[in-house]
Amino acid sequence: MQRWKKVLIIIGSVLTFIVAAAWILALVYEDQVKNMIITNINSKLKIPVHVKDIDFSFIRKFPSATLEFTDIMAEGLTYNEIKKPLLQAHKLNLNFSLWDVFSDKVSIKKIEITGGSSFIYIMRNGEANYDVWKSEGSSGANSGLDLKDVLLNDMQIVYRNDITVDDYSMRIKNANVAGSFSSEQFDLTVRSDMKVEHFIADKVNYLLNKDVVLDLITHVNTTTKLYQLKKAELTIADLVLNTEGTIQTTDKGNMINLKVKSDKAGIKEMLSLVPKEYINNTDDYRFDGTATFTAQITGLSGKSSTPLITADFTANNATIISKGSDHKLNGINLKGSYVNRRGKNNPVSFLSFSQISAMLDNQPVRGSLTIENLADPFITMSANGNLDLAVASSFYKPDTLQSVSGNLLLNMQFRGRAENNASYQSSGSVTMQNVSFIIKDQPAVFSQWNGTFVLDGNRFSINNVTGKAAGSDLAFNGSINNLFSFLFQPNQILSGSAQLTSRNLDLNEILQDKAQTTSGDTAYYLDISNNFNFLLELNIGVISFKKFQAWNMKGDVAVRNRNISSNGLSFKSSSGSWNITGMINAAPKDSILISCSADLKNIDINELFTEMGNFGQDVITDKNLRGKLTADINFAGMWSKTLTCNTDKMVVQSKFTIEQGELLKFEPMMALSKYIKGADLQNIKFNTLKNTIEIRNRKIFIPAMEIKSTALEMTASGTHSFDNIVDYKIQLLLSQLVGKKVKQMNTEFGTIEDDGLGRTKLFLSMTGPVSNPKIKYDSKGVEQKIVQEVKVEKQNLKTILNKEFGWFKKDSVVKTQEPPKKKKEELQIEREE
């Protein structure tokens, strides 16, 4: 036991001595080693290297000596006016032999970099930021490079090449590069575990957030600059690729001759390597089956040239199953190929899926797809088969659809360059058989759609396409232009013309917005896409919206630039005939502008007010009016997207005639009735009433009009606001007033008395809330004002719209009109001769 204690004491003493000696030696030789390394580095580099701290140790990597740099930064060249460091690292360790410390030569054997980044780039002029080594170094100190290992831990590597349009970004979790770098020939071993954040070549991202493992053994001949791959296994997202071949470095670049293959590649893993530009996410599907894959990379990789990449792949009897569904696409057979060579000399890119065949629930589907020049694609595709949409929707369904069913018979071909409309060639047809679908957040069920679309170039014809939208039947015939431009290019306009025929069109369910509907109310939403340009010829038996109904609607409707317009739409409604020219403008962000001119004949005025919801006001409603209306109406107004009227922005000018009219329980007349002798003003009947009224600023402006009814004869004018505030000027025969009340009224002209002939005229004013108006004598100027209003109130509607909303500024007809100044009123009665 004592012997072991002595041994342990001796070992401990030796270790203590070694540690102490190492610490003393580090202190003694620290400055010498630091100066030797730093001097050598500065003599070899064109760029400055900044270091926060340098620490020398014999112990940290014993038996090797270590020089540790903290927060090191090596500058690079300026890239796009931004100066980014070539290398930035938290720790950089240089390991060398312990005995080199006692000589004038230090040979670095191992480099370890931890927690940093490297930004490598080549600019359009060919200048590279990593060209930092001097052609000849000058240093009095002797140093060498006898590297065996290079270790990288948690390093971000970014590479950009503006010539070849390459952009790579990867985070190296750990990497070990080993070899006898000072020998003329040696085996280079690389083992790396990394995540490729993106791998963009020629504007196409081939790898996005993929885990990659590299296991490589390469024989290196530094004399001939030949690299021969002995073993190269690349694992990308569980897809294992084996590579063999050579890389020869020349003055012009790297001459590459590599072959990559995978004999049993999983289909999902293979598809995950297809760029997102060409295929959607595959995570929602389960794949059974394998495929073979071979690729060849040959040619010069240099400043102005890139190698040719060719690949071939096949799949036999594979199966795709959509998660959450019992349906499957099985018996998949296809052959594919890929070719890509970038650069200025003979660039080419090509992706092809040929001889595609499969069974979708025992229904055969065949097709092909070829894309030439991925940067400016020329597309050739075909599709044939009977597609069950309910089954197909379990594999792919647009986000706008809630459900879909029915069948599509496909027999179509297309070829053309995506960005060149003139190159489009198409033929064949798509036939709908009993197709039904529901659009998300819309209650309408579109059902029983049948018909054929015939392809011809960049357009397709609509041949007797019929179906139902909720309770409405629809039939279309016509053509759609710019179809493939709309599908392949952004911001394209889909245009066309068609005849729309319907026996019954109910807009209530079609326009209803389910997303905005709550219990107890019904919300409607109207918006128009800026990408549609259509001309519809309408022939509708019955059309309904809210309480409005129309029959035998005919005319043309144009949809263009978020506008719906018509130059002549005729129909029957409210027991009369309509002819409308107008426009609905949905371009404003939060509103809809509606303007129209309407010619109405023999309209039942009570039905009109009922169906139109009293035009959003309660001044005079369907409860107050009876009769037949003939009118010329100019209208402009603003609605919200949910079809709520903004009465502040409503302008109307109407020249009308009412025959066989009745005015029922109209509050202003009821207020006047207590002054009328023996008259019942609850129900005023008249044969003919003509006038031109205007509505603006939430007011109805009524020029002077004569009312001859069974109850009284009078002339009236004034305003009536939507808040039921009135300002009426009324002319009555004195004989119609209650005699005793008049005799109690005195003016500056003395007591007023009826002469018994009923020829005395009296002017009254009615102002204030309609529920409790003030009625008083008016002045002689009122009569003159009544006559003048007939002229002033007939100003052109464009002038009103210009004044209220600033519209029609360039119209020469529009003239600014100043309102007449009011005269001071006096109390006066006029007696006719």
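Tabulated data
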{"read-out": "LYS641 vs. criteria at pLDDT below 85, basic (Lys, Arg) and within 30 Å of ILE592 (Cβ to Cβ)", "value": "yes"}
{"read-out": "Failed item in (1) within 28 Å of LEU483 (Cα to Cα); (2) in contact with a Phe, Trp or Tyr (Cβ under 7 Å, 6 or more places away or on another chain), with VAL557 passing the rest", "value": "(2)"}
{"read-out": "Residue match in segment 551-572 (condition: touching a residue at least 60 places away in the same chain (Cβ under 8 Å), hydrophobic (A, V, I, L, M, F, W, C) and closer than 17 Å to GLY637 by Cβ)", "value": "no"}
{"read-out": "Residue satisfying all of: in segment 545-555; under 28 Å from LEU494 (Cβ atoms) and under 35 Å from the mean Cα position of the chain (by Cα); surrounded by the most Cβ atoms within 10 Å (Cβ to Cβ) among these", "value": "GLY555"}
{"read-out": "Close pairs (6 angstrom Cβ cut-off, 6 or more residues apart or separate chains): of a type outside the set (D, E, K, R) in segment 764-776, exposed (fewer than 14 other Cβ atoms within 10 Å of the Cβ) anywhere", "value": "SER765/LYS776; THR767/LYS774; GLY768/LYS774"}
{"read-out": "Any hit, segment 357-371, residues being surrounded by 19 or more Cβ atoms within 10 Å (Cβ to Cβ), closer than 27 Å to ASN161 by Cα and touching a residue at least 24 places away in the same chain (Cβ under 8 Å)", "value": "yes"}
{"read-out": "Flag if LYS210 is more than 28 Å from LEU374 (Cα to Cα), outside any loop (DSSP other than H, G, I, E, B) and in contact (Cβ under 8 Å) with a residue 24 or more places away in the chain", "value": "no"}
{"read-out": "Top-ranked residue in segment 154-186 [being in a strand (DSSP E or B) and in contact (Cβ under 8 Å) with a residue 40 or more places away in the chain; ranked as surrounded by the most Cβ atoms within 10 Å (Cβ to Cβ)]", "value": "MET155"}
{"read-out": "Unmet requirement for ASN481, which otherwise passes all of (1) touching a Ser or Thr at 6+ places or on another chain (Cβ under 7 Å); (2) more than 25 Å from GLN442 (Cα to Cα); (3) surrounded by fewer than 17 Cβ atoms within 10 Å (Cβ to Cβ)", "value": "(3)"}
{"read-out": "Options GLN442, GLN433: the member that is out of contact with any Cys (no Cβ under 6 Å at 6 or more places or on another chain) and at pLDDT 85 or above", "value": "GLN433"}
{"read-out": "Residue within segment 192-215 that is aromatic (Phe, Trp, Tyr) and over 38 Å from the mean Cα position of the chain (by Cα) present", "value": "no"}
{"read-out": "Residue, farthest from GLU372 (Cα to Cα), within segment 421-430, restricted to residues that are at pLDDT 85 or above and surrounded by fewer than 17 Cβ atoms within 10 Å (Cβ to Cβ)", "value": "SER429"}
{"read-out": "Whichever residue in segment 47-97 is modelled with pLDDT of 70 or more and of a type in the set (Ser, Thr, Tyr) and, among such residues, is nearest to GLU112 (Cα to Cα)", "value": "THR66"}
{"read-out": "Test: residue in segment 332-353 that is within 33 Å of the chain's Cα centre (by Cα), surrounded by fewer than 16 Cβ atoms within 10 Å (Cβ to Cβ) and closer than 26 Å to LEU410 by Cα", "value": "no"}
{"read-out": "Breaking point among (1) of a type outside the set (Gly, Ala, Ser); (2) closer than 23 Å to ASN257 by Cα; (3) surrounded by 17 or more Cβ atoms within 10 Å (Cβ to Cβ), for GLU233", "value": "(3)"}
{"read-out": "Selected residue [within 28 Å of VAL445 (Cα to Cα) and part of a strand (DSSP E or B)] from GLY416, GLY406, GLY367", "value": "GLY406"}
{"read-out": "Residue satisfying condition, being outside any loop (DSSP other than H, G, I, E, B), of a type in the set (S, T, N, Q) and surrounded by fewer than 17 Cβ atoms within 10 Å (Cβ to Cβ), within set THR189, THR224, THR218", "value": "THR189"}
{"read-out": "Qualifying positions in segment 301-334 - touching a strand residue (DSSP E or B) at 6+ places or on another chain (Cβ under 8 Å) and among the hydroxyl-bearing types (Ser, Thr, Tyr)", "value": "SER301, SER304, SER305, THR306, THR310, THR314, THR319, SER322"}
{"read-out": "VAL404 in contact (Cβ under 8 Å) with a residue 12 or more places away in the chain and closer than 19 Å to ASN481 by Cα", "value": "no"}
{"read-out": "Residues of segment 440-467 that turn out to be among the charged types (D, E, K, R) and surrounded by 17 or more Cβ atoms within 10 Å (Cβ to Cβ), as a count", "value": "1"}
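The values are calculated or read from the model by the stated rules, or taken from the named source; none is laboratory data. Everything numeric in this text was worked out from a predicted model, so none of it was measured. Heads up, the Cβs are rebuilt from the backbone with ideal geometry, glycines too, and the neighbour counts pull from every protein chain shown.
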